1. If R0 is 30 Å, what FRET efficiency do you get for L195 and A37 from their C-beta distance, rounded to 0.05?
2. Would you kindly derive the ³J(HN,Hα) couplings of the range 41-57 from the backbone phi angles with the Karplus curve 6.51 cos²θ - 1.76 cosθ + 1.60 (θ = phi - 60°), listing them in order in whole Hz, with x for Gly and Pro?
3. To make sure I understand, if each residue's beta carbon is the centre and we count other beta carbons within 10 Å, what order do E274, E205 fall in, fewest to most?
4. Which whole-number percent is the relative contact order of the chain (Cα, under 8 Å, 6+ apart)?
5. Under the Karplus relation 6.51 cos²θ - 1.76 cosθ + 1.60, θ = phi - 60°, what is the ordered set of whole-Hz ³J(HN,Hα) values for the range 59-74, x standing for Gly and Pro?
6. Counting only DSSP beta bridges with both residues in the chain, what percent are antiparallel, rounded to the nearest 5?
7. Any idea what diffusion coefficient the chain gets from Stokes-Einstein, in µm²/s, Kirkwood Rh on alpha carbon pairs, 20 °C, 1.002 mPa s?
8. Roughly how far apart, in whole Å, are the Cα centres of the range 72-119 and the range 19-50?
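Taken together, the values in this text are just the output of simple stated rules run on the coordinates, not laboratory data. Remember, it's a predicted structure, so these values are computed and weren't measured experimentally. Note that we place each Cβ from the backbone using ideal geometry, even for glycine, and neighbour counts take in every protein chain shown.
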Amino acid sequence: MTSAASWHRQHPPGRRTNLALLALIALAFLTGTVSFAVGSTPATTAVTFVHAAVGLALVLLVPWKSVIVRRGLRRPMHAGRAAGITLVALVAVTVAAGVGQAVLGWTATAVTPVQVHVAAALLVVPLLVAHMVTHWQRPRRADVSRRGFLAAGLIAAGGVASALAVQGVTRGLGLPAARARGTGSTERGSFSPELMPVTQWFTDEVPPLESLDVPLRVVVDGRAVAVDLQRDATDAIEALLDCTGGWYATQRWRGVRLDRLLPVPLPPAARSIEVVSITGYRRRFPIDDASTLLLATTVEGRPLSPGHGFPRRLVAPGRRGFWWVKWVVAVEVTDRPALLQPPFPLQ
Ligand code: HEM
Ligand code: HEM
Ligand SMILES: Nc1nc2c(c(=O)[nH]1)N[C@H]1C(S)=C(S)[C@@H](COP(=O)(O)O)O[C@H]1N2
Ligand SMILES: [Mo]
């Protein structure tokens, strides 16, 4: 005979809520990362919208999780509790800063909402792991049921409705992010490069001006190739830079397209082009992208400023800002695949 008490021991209320939280956080992390990695709209717009829906669905589960938390806190003190409490704070900051980006866009503050958002989200990961080590919940076959799907559908619908509501309020009230791109970035300094933020990836900084005037090295298969950038810098394009820090700007750039800079024909084994900064920062591109990439020496008719990449920087239309390598000193063609690099810069 199974008593109500033993049934409850086997099916502690809240297990499904906890598993739903786990699924939503994992999805939020995945979609957030993909939205940074995928450069071009509309793909990134779609992913970012799904991300918003998933992140906000998390909030809808607060009433259910509150019951679990209150029950947990009534139990005797245990080692994992600090992690759980810190997790509450970190998830709250993550969600608040995400919504902050969605309603405010880029702010002229030392750190922008989306930077706080991503930093907090990165900290969520180890704490969630710690929380789950001390509070493991086993998924059950019965979770894949009609009731389970119904619950998942309701959560998804609630998330989408919440994301649309945040968008609607932002637009309706004309909040600063009302005209954000689908990536969540707001416009800053288009056609006025002096008003465009100078932004480094978290790993890098602007080098001293006197160190910058270094000639360009073009290397194919380990051998240096002579180039005359001054003479060849006649390609002009208008391109939009969308920084993952939450702003974007369109400028008219002039320089030389990489397919014109590099010798023809390239070695048949050539697979990627690595663009290297004087700071050591670097990104590698598929060889077929050469005709879309511009090594720029001027913007809006003027030489680049030191902050924006003097004497030359890469312009990578359709890719997020972190691909637009500044202070370029070397362009190297190799037979290594472009995919053989971390998805985000680590240097
Ligand atoms: C948004 C993410 C989450 C937050 C902020 C959070 C926070 C908390 C807090 C503060 C407690 C009460 C203190 C404690 O017992 O340590 C708790 C309890 C608990 N959590 Fe979480 N948690 C989250 C996600 C999860 C996940 C993903 C799981 C497992 C898959 C989980 C499983 C549990 C369990 C089993 C309890 C204990 C309930 C009891 O003792 O009756 N939690 N959580
Ligand atoms: C724990 C993981 C995460 C959660 C719970 C989460 C949650 C959220 C929420 C609730 C929003 C606001 C949505 C809106 O109201 O429109 C948001 C926005 C955003 N998140 Fe996340 N997020 C997480 C991780 C990440 C990561 C890892 C990235 C990027 C690498 C990221 C990038 C963004 C961006 C760019 C926005 C702004 C979108 C917009 O303005 O429409 N998120 N996130
Ligand atoms: N060498 C180098 N290039 C870099 C970066 C960097 O940190 N180091 N940051 C990238 C990022 S994240 C962005 S958004 C753009 C910003 O360009 P801007 O400072 O000219 O606005 O430069 C990219 N190029
Ligand atoms: Mo950026």
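1. 0.60
2. So the Karplus estimates, Gly and Pro as x, are 6, x, 4, 5, 4, 5, 4, 5, 5, 4, 4, 4, 4, 5, x, 6, 4 Hz.
3. Working: E274 18, E205 9.
Listed from fewest to most nearby Cβ atoms, that is E205, E274.
4. Over the chain, the number comes to 17 percent.
5. 5, 5, 8, 4, x, 6, 5, 4, 4, 5, 5, 4, 5, x, 6, 6
6. Details: 33 of 39 bridges.
Of all bridge pairs located within the chain, approximately 85 percent are antiparallel.
7. Rounded to a whole number, D works out at 94 µm²/s.
8. Taking the Cα centre of each part, the range 72-119 and the range 19-50 sit 18 Å apart.
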